[in-house]
Every structure is written in C-alpha cells, then in structure tokens.
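Just below is one structure, and these are the notes that go with it.
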Amino acid sequence: MKGLLLRLSGLDADAENAVRVIGFFDRLIAGRAGLDALVRSTADLAGCPVGVHAPGQGLSLRAAPGADVVTPGAAPAGAAVRPLEGGVAVWVARAGEPVPLDDMLLERFAIATAILLEHSGVPRPELGDPALVELALSADAGTAERSRALHLLGFGPATRLRVLAGTGVDALEGRSARLGGVRVVLLPGEVAAVPDGARAGIGPEGPAIEAPRSWAAARTALRFTSAAEPVVWWERLGGLAAVAGKFSPPELAELPDVRGLDRLAAESHGQDTLAALEALCATGSARKAAAVLHRHHSTMPARLARAEAVLGFEVDSPAGRFRLHLALMLRRLRDNADLA
C-alpha cells in the first residue's frame, strides 16, 4: 500500500486508477475504520505526511508513511488543504510538485473524514469525568479518542501533566476516576500534599497525549509505597522500576531476604524492628534512625543485632544497607501486588 498513489500516478491518472483510490476510501468507510487508521492508511497511500485538524473537537492528527499517528498543530506551510464543516480540515503535505491523483486523494480523504467523524467512537461531551479519564489513560484507545477525551477534560494534547495513582487520595483536586481499587488523578500543576494515611505513586510529567505511560509508571510507583514512605515518585526509583514486572508475588515471597523480613515481622516487636530498619536505610546511620523514630540511640544496637541474626548479614554498613533497602522494597512489591 505504501506509496501506491505515486505508482498509480506514474502509470496513468485515468478513470480506472481514480476508481482504485475511491475504492480504497470506500473500504475504510464500510469497515468503520477509526480516525487513526484513516490517517495512517492515507499517509501510506499518498507516500507523504497527511493530517486531520479539528480544533473545535480537540483533534489534530497527522501521520507520515509507515509511522504512527501523532498530534501536531495545524497543516504545515505549503500543504494542500480541504476545509470541511465545523472548522475541520484535512491536508496533504507533499514535498515538491503534486501528482495527478492528489486532488482525488484529498477529496476522498475529506469525505471519509467527515463520515468517520460523525460515526466514530470519539467520546461524547455528555460523558462524565471518570469515563473520560479512563479513556484518556487507556493504552488501547486511539490517538483520536484520547485527544477528544483530553479536550473534554480541558487539556490539550501537549499539556504537561502527571498521573497520580493512590489510595485515600479522594480529597485531592483534579480530574479523577476510580480504576479498580485505585484512585487516579490527572495533575497539570504542582502535586498537592497527600492526606495523612494515604498512599500515592506519582508518574513522570509528560504531554497529556502520553498519559497512559505516566499512568503505568504511577501504578508501579504505588507498589513501592509503605507506611514509612507513603509517597513514591517514579523518577526516583531508578533501576528499581524495572524490577517491578520481573517477579510475581510468590517469587518475591520466596527470596531469602524477603523471607527473613517476614520472620522479623512475625516476632513480638517485629513491626518496631522493621520501622528501625526502614529508618536506618532512609537516614544512613543508627543514631539518625533513632532520632527519626523518637527513640534513644541506645535502643538501636539490640534491634539491629536481632535483625542481623535473622537476616544473616550486617545491616549497618554501606553494602548491608543497600541489600537491606533492596529487600524492603521487594517486600513492598510483594505486599502491594493488588495495586498494580
């Protein structure tokens, strides 16, 4: 299909080849293709960039041959443009001179766009915020559907935002929805303080049209939260983020260091010991950890000695703290698997 229009034009721009171009668009219309498929297929047919610009509907799609649909602005300078009703326009941006079948392609592209806009699955304005947020975050949604959903939520495709995934964060302001057992919030500005007792994973900032990536990252970050660290930013996880999808909860539970932490947690003062270990990793010293926990520093040696006896390695050394921190994070991943 790629570059077919150029080959047809090179042969003969006669009625037979024009019918082939018409049939190409008729098949897309009959198959109720989405706007993404229409734009991508038209670019392959034309052998050059093409696009649909519908600012009133929050849609601005383009594609180059063999590439995915993206969201730029209006038609580039020099493009051939065909306006439609409602401020919609389609365009074809061929470098150099037009080919004989370009007019036919632009006409049929415009007709197909008008029909598919009317019958496409782009969301309706009456859909509420939760449904629109879910659509904006769906990795399976087309670019057109996501752009339209973002438009109805008040975001342009290039708006910079983060996605927050959390529990106990219903009071946070922002466009939000509940997906499974997790509340998701779209945050175009600064991240507000998370309420006491809440947990939150915060995805990376990026253009709104790429919100599914931030949503996936926010869910990963949420799995690393704990009572000791209720808010986790995905960017600060570094290589730990890659670990999240490598092990199942049963596999994590069988890791020797995780099993050691479980044995400590089951003891009579286990939760205090784990809190001391969390504080040790966060502060880098037993004395500072005691201060964070509002305990006298003389209480720490016994707790650390007990932890070392169960875990089987020294915890208050650079190498030991690294191993301990990794074990604590892996245990969080195991315990928060239902938040993924």
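The values are calculated or read from the model by the stated rules, or taken from the named source; none is laboratory data. Remember, it's a predicted structure, so these values are computed and weren't measured experimentally. Positions of Cβ are backbone-derived with ideal geometry, glycine not excepted, and every protein chain shown enters the neighbour counts. Accessible surface areas use protein heavy atoms only, side chains included; no ligands, DNA or RNA. Shrake-Rupley method; radii C 1.70, N 1.55, O 1.52, S 1.80 Å.
With contacts defined as alpha carbon pairs under 8 Å and 6 or more residues apart, what's the relative contact order of region 33-113 in percent? Don't jump to the answer; show the numbers that get you there.
Working: 145 pairs, mean separation 22.7, N = 81.
It comes to 28 percent, rounded to a whole number.
If you take every residue apart from Arg303 with its C-beta less than 15 Å away from the C-beta of Arg303, what net charge results, scoring Lys and Arg +1 and Asp and Glu -1?
0
For the chain, what relative contact order do you get, as a whole percent, if you take Cα pairs closer than 8 Å and at least 6 residues apart? Display every interim value, and only then the final one.
Values: 592 pairs, mean separation 37.9, N = 340.
The normalised contact order for the chain reaches 11 percent.
Rounded to whole Å and ordered largest first, report the semi-axes of the equivalent ellipsoid of region 192-236 derived from its Cα gyration tensor (root of 5λ).
20, 11, 8
Using only the alpha-carbon atoms, how far is helix 143-153 inclined from the longest principal axis of the chain? Give it as 0 to 90 degrees, nearest 10.
70 degrees
Would you mind telling me the share, in percent, of accessible area of the chain contributed by carbon and sulfur at probe 1.4 angstrom?
53 percent
So what does the Cα-only Debye profile of region 241-340 read at q = 0.14, 0.16 Å⁻¹, as log10 I(q)/I(0), no solvent term?
-0.51, -0.66
Rounded, prolate or oblate, given the Cα gyration tensor of region 126-167, with a/c below 1.5 counting as rounded?
Rounded is the answer for region 126-167, as its axis ratio a/c remains below 1.5.
Please report, in cubic angstrom per residue, the volume enclosed by the convex hull of the alpha-carbon atoms of region 19-143.
106 Å³
Heavy atoms only, 1.4 Å probe, whole protein assembly: order Met329, Met104 by accessible area, highest first.
Details: Met329 10, Met104 50 Å².
Most to least solvent-accessible, the answer reads Met104, Met329.
Between Val292 and Leu255, what is the spin-label point distance in nm, taking each point 7 Å from the Cα along the Cα→C-beta axis?
In this crude spin-label approximation the distance works out to 1.9 nm.
Name the residue farthest towards the positive end of the dipole of region 269-329 from the options Ala319, Met329, Thr283, assuming +1 on Cβ of Lys and Arg, -1 on Cβ of Asp and Glu, about the Cα centre.
Thr283
Given Cβ point charges of +1 (Lys, Arg) and -1 (Asp, Glu) and nothing else, what value in debye, to the nearest 20, does the dipole of the chain about its Cα centre take?
Working: 36 positive and 38 negative charges, 184 e Å.
I would put it at about 880 debye.
Can you give the charge dipole size of region 251-303 about its Cα centre, rounded to the nearest 20 debye, using +1 on the beta carbon of Lys and Arg and -1 on the beta carbon of Asp and Glu?
Computed about the Cα centre, the dipole is about 400 debye.
Helix-only estimate, please: 222 nm mean residue ellipticity of the chain, summing -39500 (n - 2.57) across DSSP H runs of length 4 or more and dividing by its residues, to the nearest 500.
-14000 deg cm²/dmol, from helical runs alone.
For the chain, modelled as a Gaussian network with Cα springs under 10 Å, which listed residue fluctuates most, Asp170, Asp103, Asp44?
So, out of Asp170, Asp103, Asp44, the one fluctuating most is Asp103.
What's the magnitude of the charge dipole for region 270-340 around its Cα centre, counting Lys and Arg as +1 and Asp and Glu as -1 at the beta-carbon? Answer in Debye, nearest 20. Intermediate values should be presented prior to the final figure.
Numbers: 10 positive and 7 negative charges, 26 e Å.
Charge dipole, region 270-340, about its Cα centre: 120 debye, nearest 20.
In units of 2.2 N^0.38 Å, what is the alpha-carbon radius of gyration of the chain?
For the chain, the normalised Cα radius of gyration comes out at 1.37.
Rounding to the nearest 10 and keeping the result within 0 to 90°, find how far the Cα-based axis of helix 102-119 lies from the longest principal axis of the chain.
Tilt of helix 102-119: around 50 degrees.
Quick check: Cα centre of region 166-182 to Cα centre of region 271-317, how many Å?
34 Å
Specify, per residue and in Å³, the volume enclosed by the convex hull of the alpha carbon atoms belonging to region 125-230.
Convex hull volume per residue, Cα atoms: 90 Å³.
Mind listing which trypsin sites (Lys or Arg not before Pro) in region 173-264 are in a DSSP loop and have 11 or fewer other Cβ atoms within 10 Å?
The qualifying sites are Lys246.
Most mobile of Gly206, Gly51, Gly320 per a Gaussian network model of the chain (Cα springs, under 10 Å)?
The residue that fluctuates most here is Gly320.
Among Arg82, Arg295, Arg40, which one shows the biggest mean-square fluctuation in a GNM of the chain, springs joining Cα atoms closer than 10 Å?
Arg295
Looking only at Cα atoms, what is the convex hull volume of region 178-330 per residue, in Å³?
Enclosed volume per residue, from the Cα hull, is 138 Å³.
Helix 318-335 versus the longest principal axis of the chain: what is the Cα-based angle in degrees, 0 to 90, to the nearest 10?
60 degrees
Among Ile202, Leu304, Pro157, flag the residue with its Cα farthest along the positive direction of the charge dipole of the chain, charges on Cβ as +1 for Lys/Arg and -1 for Asp/Glu.
The Cα lying farthest towards the positive end belongs to Leu304.
For Arg236 and Glu190 in one chain, what is 0.36 nm times their gap in residues minus the Cα-Cα distance, to one decimal in nm?
Extra length from Arg236 to Glu190 when fully extended: 14.9 nm.
Could you calculate the contour length gain from Leu84 to His269, that is, 0.36 nm times the residue separation minus the distance between their Cα atoms, to one decimal place in nm?
Result for the pair: 59.4 nm of gain on full extension.
Give the distance, in whole Å, between the Cα centre of region 100-115 and the Cα centre of region 26-51.
Distance between centres, Cα-based: 10 Å.
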